[in-house]
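The values are calculated or read from the model by the stated rules, or taken from the named source; none is laboratory data. Source: prediction; values computed, not measured. Because the Cβ atoms are built from the backbone with ideal geometry, glycine has one as well, and the counts that use them run over all protein chains shown.
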Amino acid sequence: MPHKHTHSGSEHNQASLKDVQDQLRKVFEGLSYEVPLYLFTDEDKNSQFNKAAQEILQTVTDLSPKFVLQSLPLDHELAKKWHVDRSPTILFDPDNYHIRWMGAPLGEEGRIFIDTLVMLGSRNSQLHEQSSKILAGITSPRQVKVFVSMTCPYCPQQAANALKAAVAAPDKISLEIIDTQANADLTDRYSAYSTPMTFANELLIGKGAQQEELFMSSLDKLEEQNIFIPDVEDKEIEADLVIIGGGPAGLSAGIYAARTGLKSVIIEKGILGGQIATTPEVENYPGLSRVGGKTLVEIMVAHALEYCQIFPSEEATRLSLGERIEVQTTRRRFSTKVVLLATGADHNHLNIPGESRLSGKGVSYCSTCDGPQFIGKTVVMVGGGNGALTEALHLKNIGVDVTLVHRRDKLRAQEHLAQKLTSEEIPVLWNCEIQEILGKDRVEAARLVNNRTGEEFTRKLDGVFISIGYRPEVELARQVGVELTPDGYIQSDRRHRTNIPGIYSAGDVEGQFKQIVTASAYGAEAAMAIFEDLVNPYWKK
């Protein structure tokens, strides 16, 4: 009986295998294009995987004349031509595509292998429309590596994303699918111990399986994206409130306005989150003792998307006043009852070598945000106005060794701040300017010059803080006659109303405190004021 039972199981397995082969034949019958396959092996390397790869490829080529297999040694001239140096390696139609498999398509990886053959045999990437648009916007090459394993049920989804990109844009996308077991050294080199793991141009862009559009966004941005905002084709959109600016003020306003029942949209020309998105770590946001700036932005954006539409990478170019306000952007026109200007303010920069490269790596524009990281360390504060002195005093107070660098021989700050600087014994480098910020991975020193004597010198430092003013984004405000403060910020009252009915402001564009929490609070405050004013318009009294 045991012998008979085993024989029965064997027959069942053979029948199941035949069913699978019959199904694959039917799938492959619909393919229009020949797919040349090249298998490169070295009998002294990975013999177990070599044998498995040979058997699988031979089985597949027996199922369809569309697949033409050549099995070649690793020292063959074609291996040199196509830079193949691992055994086993499978190349798929290498004259037309840049797709290679390093390993043998065993277990869950078999699904990826079949997807590859079907896509290439049909020359159809099966990309969604939104994904195609993102891929079309990528202008430089991407070398993609997807680490997979035979036991990973999520790997086929991520590999399919990468395959679609490589098939749709062979001129831009090259792909290596890397079996972690067959390539243990690469797995160690990339620390790819949790599959799937995806790299593009040697940068990590995905941990785990991603939604197709998120994968394409990550491929575009060359960093992992966790939020995808669908593109909208409509050329005209009506709303109750158009918020211009997708920083903390604008995002908070969108949430609060929508919760009052207002149809709200957010337009952002640059990076959602504004300056937060480029802040490595935020340590002073209530409830989150330490959070990455990008992570905080993702939380805020995901929350706002629950309530309102967001239009990223879209610049508002013109406001037209009337019974309804028209907002013209680079892509469409909005008609709205009210506009909230949450356009923000950017730090003025020194525009010197090393500043941008080391931003967030020792170069900072906010002592409140980043100062605690430099306690017990040596920094300079660049500037001579109220802001620079206030921030230098704050750094000194929390235990940072700070020196003020000022390009003139007299401070522009208020007298009481200058006196405080002296009493706190904060040294000043007069008539000095930083010409270059030095360091490989973080700030290590700065090269300075005395603009009176021409003397150049280098000072070892752990950080460079820059406080030379802000540049508020007020072009749209000027366009419609919104009044500005003497410092160039939008002039508004306590309810965030400007002098133009229907135009409100919130956040850094109003001046005040340049903090995430205050910008968020002002955005929420403005949204509630706007709701109350629309219910009972003050301008009609």
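Okay, here's what the table says:
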| read-out | value |
| --- | --- |
| Residue match in the stretch 429-448 (condition: of a type in the set (S, T, N, Q) and over 21 Å from residue 353 (Cα atoms)) | no |
| Search result, residues across the stretch 332-356 that are surrounded by fewer than 21 Cβ atoms within 10 Å (Cβ to Cβ) and touching a residue at least 40 places away in the same chain (Cβ under 8 Å) | 332, 333, 335, 337, 346, 347, 348, 349, 350, 352, 353, 355 |
| Residue 160 vs. criteria closer than 22 Å to residue 52 by Cβ, without any contact (Cβ under 8 Å) to a residue 12 or more places away in the chain and among the aliphatic types (A, V, I, L, M) | no |
| Matching option when the condition is in a helix (DSSP H, G or I), of a type in the set (A, V, I, L, M) and in the same structural domain as residue 244 (by TED's automatic domain parsing), among 388, 304 | 304 |
| Residue under evaluation residue 425, criteria (1) surrounded by fewer than 17 Cβ atoms within 10 Å (Cβ to Cβ); (2) modelled with pLDDT under 90, criterion not met | (2) |
| Residue count, the stretch 44-72 (criterion: part of a helix (DSSP H, G or I) and without any contact (Cβ under 8 Å) to a residue 60 or more places away in the chain) | 16 |
| Residue selected from the stretch 155-170 under the condition over 23 Å from the mean Cα position of the chain (by Cα) and at pLDDT 95 or above, by the criterion nearest to residue 120 (Cα to Cα) | 167 |
| Residue among 446, 418, 526, 413 that alone is over 26 Å from residue 377 (Cβ atoms) and hydrophobic (A, V, I, L, M, F, W, C) | 526 |
